[in-house]
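Structure incoming, see below.
The values are calculated or read from the model by the stated rules, or taken from the named source; none is laboratory data. Just so you know, these numbers come straight off a predicted model, no measurement behind them. In this analysis, Cβ positions are derived from the backbone assuming ideal geometry, glycine residues included, and neighbour counts consider all displayed protein chains. We work out accessible area using only protein heavy atoms, side chains counted, and drop any ligands, DNA or RNA first. Shrake-Rupley method; radii C 1.70, N 1.55, O 1.52, S 1.80 Å.
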Amino acid sequence: HEINQPLNSIKILADSLLYLNKKGKSIETPKIFENLQKISDQIVRIDEIIKQMRAFTGYRQGQAATKCDLNAAVEKTHELVKHQLSLKEITLHKKLGGGVKDVPGNVNIIEEVVLNLVINAIQAFEKVRGRAKEILCETRLEEDKVIFEVSDNATGIEDEIKERIFDPFFSTKTLDGGMGLGLAIVSTILNGYNGGIEVFNNDSGGATFRVELPAAPVRETHE
Ligand code: ADP
């Protein structure tokens, strides 16, 4: 459906010009460029969907249970988004605990999870003005679980949509073209690692995404 819709638009936009041409009607040049621009925009959308779906299937295949240092993943993400944070005047705090060095999971994939959640938190501030904007990344060991939380003091998430944000293609970011695949991918990855993700609104009025992963490496079956 998500790919068919832009494909249909492309077909209609192209066919309407072809039809006029066939009928020998004159077509104003701006009209042609207007349609070409719309066609190009739809192609960009399809391209983005395909890229994300590729990444998605790649993750599913590459879930080698290697070890990942969760704190290092947070540091790396912080480095990656530093520029964005300063442009948007957002402060990212870190509270990094011990015992999270050997999280079972592929480093690149876990980094992708962390980055996804932090970028979502940054984007949640889009309409926030005139107050301090803060994100907190926290890691800690809780018994046999590793917890990773990303909290923000942006807008929080309304109850009506809370259940749907992990669905593929659900997005409220209509203006800047959110694909709605980020959280669906994140939750699939975490399930594959015997972990999970949940969300709740916090006391500061923003959202907290809590990731849980098993602390101990998954046992090899041939042991
Ligand atoms: P996308 O970012 O493309 O919209 P996601 O799957 O990453 O897709 O997110 C789905 C939706 O979840 C977002 O459109 C937004 O409504 C909501 N969301 C995610 N993170 C946050 C957050 N930190 N604060 C408020 N809403 C959020």
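Tell me, what are the semi-axes, in whole angstrom and largest first, of the equivalent ellipsoid of the chain as set by the roots of 5 times the Cα gyration tensor eigenvalues?
40, 22, 14
Still on this structure, please answer the following. Over all directions, average the projected area of the Cα convex hull of segment 33-149 and note it in nm².
9.8
So what's the back-of-envelope 222 nm ellipticity for the chain, counting only DSSP H runs of four-plus at -39500 (n - 2.57) apiece and dividing by all residues, rounded to 500?
One gets -15500 deg cm²/dmol as the mean residue ellipticity at 222 nm.
Also, quick follow-up: Under the classification rounded if a/c is under 1.5, otherwise prolate if a/b is larger than b/c and oblate if not, where does segment 162-211 fall, given a ≥ b ≥ c as square roots of the Cα gyration tensor eigenvalues?
oblate
If you keep only loop residues by DSSP, which trypsin sites (Lys or Arg not before Pro) in segment 1-45 have at most 11 other Cβ atoms within 10 Å of their Cβ?
Here the trypsin sites (Lys or Arg not before Pro) that fit, given the DSSP loop and packing criteria, are Lys23, Lys25.
Beyond 32 Å between alpha-carbons counts as too far, so tell me which of Lys95/Lys162; Lys31/Lys133; Lys11/Lys82; Lys76/Lys162 fall in that bin.
Flagged as over cut-off: Lys31/Lys133; Lys11/Lys82.
Could you give the accessible area per residue of segment 1-112, probe 1.4 Å, as a whole number in Å²?
67
If a/c stays under 1.5 just call it rounded; otherwise compare a/b with b/c (prolate if a/b is bigger, oblate if not). Do that for segment 116-206, with a ≥ b ≥ c from the square roots of the Cα gyration tensor eigenvalues.
oblate
Please find, in a Gaussian network model of the chain (springs between Cα atoms separated by less than 10 Å), the residue of Ile189, Ile90, Ile43 whose mean-square fluctuation is greatest.
Ile43
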